[in-house]
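Please see the structure below; I have some questions.
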Amino acid sequence: MAAVDKHFGDLHVLRDINLDVESGQVVVVLGPSGSGKSTLCRTINRLEPIDSGTIQVDGTDLPAEGKALAGLRADVGMVFQSFNLFAHKTILENVTLGPIKVRKDSKADAEKNGLALLERVGIANQKDKYPAQLSGGQQQRAAIARALAMKPKVMLFDEPTSALDPEMVNEVLDVMTTLAKEGMTMLVVTHEMGFARRAAHRVVFMSDGEIVEDAKPEEFFSNPTSDRAKDFLGKIL
Ligand code: ADP
Ligand code: MG
């Protein structure tokens, strides 16, 4: 695989990025605001085009566009800071829409799977409500269920708890921790250091568009090697 580079005009937002996430691995991405974490996530399913390099999902190159891209994109589930649910669909409809439209599942199958997923994230009893009727934590759990409904091979989380009231953070992190334990391949941008220590196999630290450190959590937190990581940890811990 070739390293990924990307610019926004004059800004070199991703510099020579080499990142290989093994199946079943949980990688937490840390780094200061503006370091390129969201852009990294968005390039992985080509919500953002790249200038050069290659991106593979499960051994297959992601094409730049076209029908094949839509298929491979379905392999990459994404959960954003803002829950991005369809406001005019019920929670169950939010979870079944993708499987019916993209995976061509029957409505009955999609509903059966969807309900099981809502059960798993603890909100099956909310299935007939609309997103605005749910708490932030419940909406984010619905967003996770919706992403899982596509049976992705990897899940990307971009600061999934940053927009939540503090008392709702743990209900979302608990769902993510369970997913991690079940062997889901995950790339998680978060400032939740407890989650990083508990669930991550690796911590990737980004600064100014570069991966500056890539280490096991215990190594990264106890013995960061770069000044940039030391400075970052000094500010947040
Ligand atoms: P992070 O998620 O680590 O805070 P981002 O990936 O959102 O960082 O942004 C990295 C840099 O790229 C920032 O300087 C940001 O202002 C810039 N940037 C992000 N998106 C765009 C865009 N669509 N056009 C121009 N610049 C952008
Ligand atoms: Mg971001």
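I'm checking my understanding of the structure. Among residues of region 149-198 that are in contact with a Pro (Cβ under 7 Å, 6 or more places away or on another chain) and farther than 21 Å from L85 by Cα, which one is least open to solvent (accessible area, probe 1.4 Å)?
Restricting to residues being in contact with a Pro (Cβ under 7 Å, 6 or more places away or on another chain) and farther than 21 Å from L85 by Cα, the top hit is A196.
Then there is this: For the structure I just gave you, tell me whether V79 is away from ligand 1 (no atom under 13 Å from the Cβ), touching a Pro at 6+ places or on another chain (Cβ under 9 Å) and not polar (S, T, N, Q).
On the way: away from ligand 1 (no atom under 13 Å from the Cβ): yes; touching a Pro at 6+ places or on another chain (Cβ under 9 Å): yes; not polar (S, T, N, Q): yes.
For V79, the condition - away from ligand 1 (no atom under 13 Å from the Cβ), touching a Pro at 6+ places or on another chain (Cβ under 9 Å) and not polar (S, T, N, Q) - is met.
Would you point out which residue out of L156, L173 is farther than 17 Å from L118 by Cα, in contact with a helix residue (DSSP H, G or I) (Cβ under 7 Å, 6 or more places away or on another chain) and at pLDDT 95 or above?
On the way: L173 fails: farther than 17 Å from L118 by Cα.
Unique residue meeting the criteria: L156.
Ok, one more. Which residue out of R120, R146, R73, R103 is open to solvent by 30 Å² or more (accessible area, probe 1.4 Å), within 21 Å of the chain's Cα centre (by Cα) and farther than 30 Å from M193 by Cα? Spell out how you get there, then give the answer.
Values: R120 fails: farther than 30 Å from M193 by Cα; R146 fails: farther than 30 Å from M193 by Cα; R73 fails: farther than 30 Å from M193 by Cα.
Of the residues listed, the single one that is open to solvent by 30 Å² or more (accessible area, probe 1.4 Å), within 21 Å of the chain's Cα centre (by Cα) and farther than 30 Å from M193 by Cα is R103.
Okay, moving on. Would you mention how many residues in region 24-64 are at pLDDT below 95 and either of a type in the set (A, V, I, L, M) or more than 10 Å from ligand 1 (Cβ to nearest atom) (or both)?
20
In the list A87, A68, which residue meets the criterion of being open to solvent by 60 Å² or more (accessible area, probe 1.4 Å) and under 18 Å from I144 (Cβ atoms)? Give the steps one after another, and end with the answer.
Numbers: A68 fails: under 18 Å from I144 (Cβ atoms).
Only one candidate qualifies: A87.
Anything in region 45-98 that is in contact with a strand residue (DSSP E or B) (Cβ under 8 Å, 6 or more places away or on another chain) and of a type in the set (F, W, Y)? List them, or say none.
Matches in region 45-98: F80 only.
Taking the condition of being basic (K, R) and surrounded by fewer than 17 Cβ atoms within 10 Å (Cβ to Cβ), how many residues in region 123-143 meet it? Walk me through how you get there before you give the answer.
Of the residues in region 123-143, the ones basic (K, R) are 127, 129, 141.
With surrounded by fewer than 17 Cβ atoms within 10 Å (Cβ to Cβ) added as a condition, the list becomes 129.
Total meeting the criteria: 1.
The values are calculated or read from the model by the stated rules, or taken from the named source; none is laboratory data. What you see is a predicted model; the values in this text were computed from it and never measured. Cβ sites come from the backbone with ideal geometry, for glycine too, and all protein chains shown count toward neighbours. Surface accessibility is based on the protein's heavy atoms, side chains included, excluding ligands, DNA and RNA. Shrake-Rupley method; radii C 1.70, N 1.55, O 1.52, S 1.80 Å.
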